[in-house]
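Below: one structure, written as structure tokens.
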Amino acid sequence: MPDADTLRPRLVLRFGVTGHRPPRFAREHHDAAMQTCREIFARSEDILSGIYASHSDTFASDKPQVRLVSALADGADIVAAEAAIAQGASLSACLP
């Protein structure tokens, strides 16, 4: 019989991203978009940690995880992916 931890789900928050590609997503917007994404991922990790601390008996013992799902297109998708990786979030790429 499996132990209780294997029956509990891991606490994961997945973000999907889509956005403009160059030239509509201008180069001068990259830094601001990158910083905003990093702040969102960092804040999300803090919130997940609080949820886990309050409800640890509900979730598997694995560390809560923030994950970005992206097609990695030029422009906004790449900026968000770079921000996710820089912030320690994981990245799932949906490629054709």
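The values are calculated or read from the model by the stated rules, or taken from the named source; none is laboratory data. Bear in mind the structure is a predicted one, so any value in this text is a computation, not a measurement. Please note: Cβ atoms are built from the backbone with ideal geometry, for glycine as well, and neighbour counts cover all protein chains shown. Note: accessible area is taken over every heavy atom of the protein model, side chains too, but ligands, DNA and RNA are not part of it. Shrake-Rupley method; radii C 1.70, N 1.55, O 1.52, S 1.80 Å.
Amide H contacts for Val69 (H built 1.01 Å from N in the peptide plane; partners 5 or more residues away or on another chain; cut-off under 5 Å): Phe15, Gly16, Val17, Ser92. Projecting the Cα positions of Val17, Ala60, Leu91 onto the charge dipole of the chain (unit charges on Cβ atoms of Lys, Arg, Asp and Glu, taken about the Cα centre) puts Val17 furthest along the positive direction. What trypsin sites (Lys or Arg not before Pro) in the range 26-96 are in a loop by DSSP, with at most 15 other Cβ atoms within 10 Å of the Cβ? Nothing satisfies the criteria. Take every Cα pair under 8 Å whose residues are at least 6 apart in sequence, average their separation, divide by the length of the chain, and the relative contact order is 41 percent. Per residue, the range 1-59 exposes 77 Å² of accessible surface when a 1.4 Å probe is rolled over the protein heavy atoms with every protein chain present. Using a probe radius of 1.4 angstrom, the carbon and sulfur fraction of the accessible surface of the chain is 55%. Shape class of the range 11-52 from the alpha-carbon gyration tensor: oblate, with a/c at 1.5 or above and b/c at least as large as a/b. The alpha carbon radius of gyration of the chain, expressed as a multiple of 2.2 N^0.38 Å, is 1.28.
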